[in-house]
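See below for the structure under consideration.
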């Protein structure tokens with residue numbers, strides 16, 4: 001609420017119209033639509049549930065991408081995987097920093113993957129080198145659809161201001177990761 005008031009005040013001082021303000025707000029929660037990503041944002045959820053799901057999502061991305069950085073046979077996929085590790089470590093750090101403030105403290109989540117993420121990681125570990133890249137990219141597309149639905153949903157519907165800001169900041173990065181994975185994947189996988 002305070003961010004919206006500050007945005008409105010800044011816009012008024014600068015003489016910006018309502019459509020420009022709406023564009024500025026959209027830029028903080030990404031530019032993609034549900035049709036672009038292929039999923040809808042999740043509905044409201046408790047802050048603790050959001051934290052648990054985001055932490056698991058980041059952990060999966062980091063672990064799967066560390067594996068891809070060594071097992072991939074393509075230089076472009078290795079570069080993507082290295083970027084994924086770096087950026088998801090940064091989003092994890094941002095999430096952990098938002099867990100404490102003067103009004104409340106949310107428990108630090110475990111580093112445990114959910115059952116789907118654990119199964120996907122196991123498949124990646126067992127994948128033959130010849131099919132590894134396609135499997136990794138397929139999983140990346142799916143994981144980023146899920147991450148977008150989670151983060152976009154909380155950015156729009158979340159109740160905790162600090163976590164809502166974390167989500168809003170993550171959405172454009174997730175959109176970028178999704179588009180990059182789509183560009184790297186063979187056409188049969190990306191569609």
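Of all residues in the range 147-163, count the ones that are touching a helix residue (DSSP H, G or I) at 6+ places or on another chain (Cβ under 7 Å) and either surrounded by fewer than 20 Cβ atoms within 10 Å (Cβ to Cβ) or in a helix (DSSP H, G or I) (or both).
Number of matching residues: 9.
Condition check: surrounded by fewer than 12 Cβ atoms within 10 Å (Cβ to Cβ), touching a helix residue (DSSP H, G or I) at 6+ places or on another chain (Cβ under 7 Å) and in contact (Cβ under 8 Å) with a residue 40 or more places away in the chain. Does residue 94 satisfy that?
Criteria not met by residue 94.
Every residue in the range 123-145 that is in a helix (DSSP H, G or I) and surrounded by fewer than 11 Cβ atoms within 10 Å (Cβ to Cβ), please.
If the condition is that a residue be in a helix (DSSP H, G or I) and surrounded by fewer than 11 Cβ atoms within 10 Å (Cβ to Cβ), then 126, 129, 130, 131 are the ones that fit.
Do we find a residue being modelled with pLDDT under 95, at negative phi and more than 18 Å from the chain's Cα centre (by Cα) anywhere in the range 86-100?
So far as the range 86-100 goes, yes, one or more of its residues are modelled with pLDDT under 95, at negative phi and more than 18 Å from the chain's Cα centre (by Cα).
Out of 183, 170, 119, which single residue is over 13 Å from residue 55 (Cα atoms), in contact with a helix residue (DSSP H, G or I) (Cβ under 8 Å, 6 or more places away or on another chain) and assigned to a helix (DSSP H, G or I)?
None of the others qualify; the one that does is 183.
Taking the criterion of being at pLDDT below 95, surrounded by 13 or more Cβ atoms within 10 Å (Cβ to Cβ) and outside any loop (DSSP other than H, G, I, E, B), would at least one residue in the range 10-21 satisfy it?
yes
Residues 64, 55, 69, 81: which one is assigned to a helix (DSSP H, G or I), more than 20 Å from residue 147 (Cα to Cα), touching a residue at least 12 places away in the same chain (Cβ under 8 Å) and in contact with a helix residue (DSSP H, G or I) (Cβ under 9 Å, 6 or more places away or on another chain)?
69
The values are calculated or read from the model by the stated rules, or taken from the named source; none is laboratory data. What you see is a predicted model; the values in this text were computed from it and never measured. Quick reminder, even Gly has a Cβ in these numbers, built from the backbone with ideal geometry, and neighbours come from all protein chains shown.
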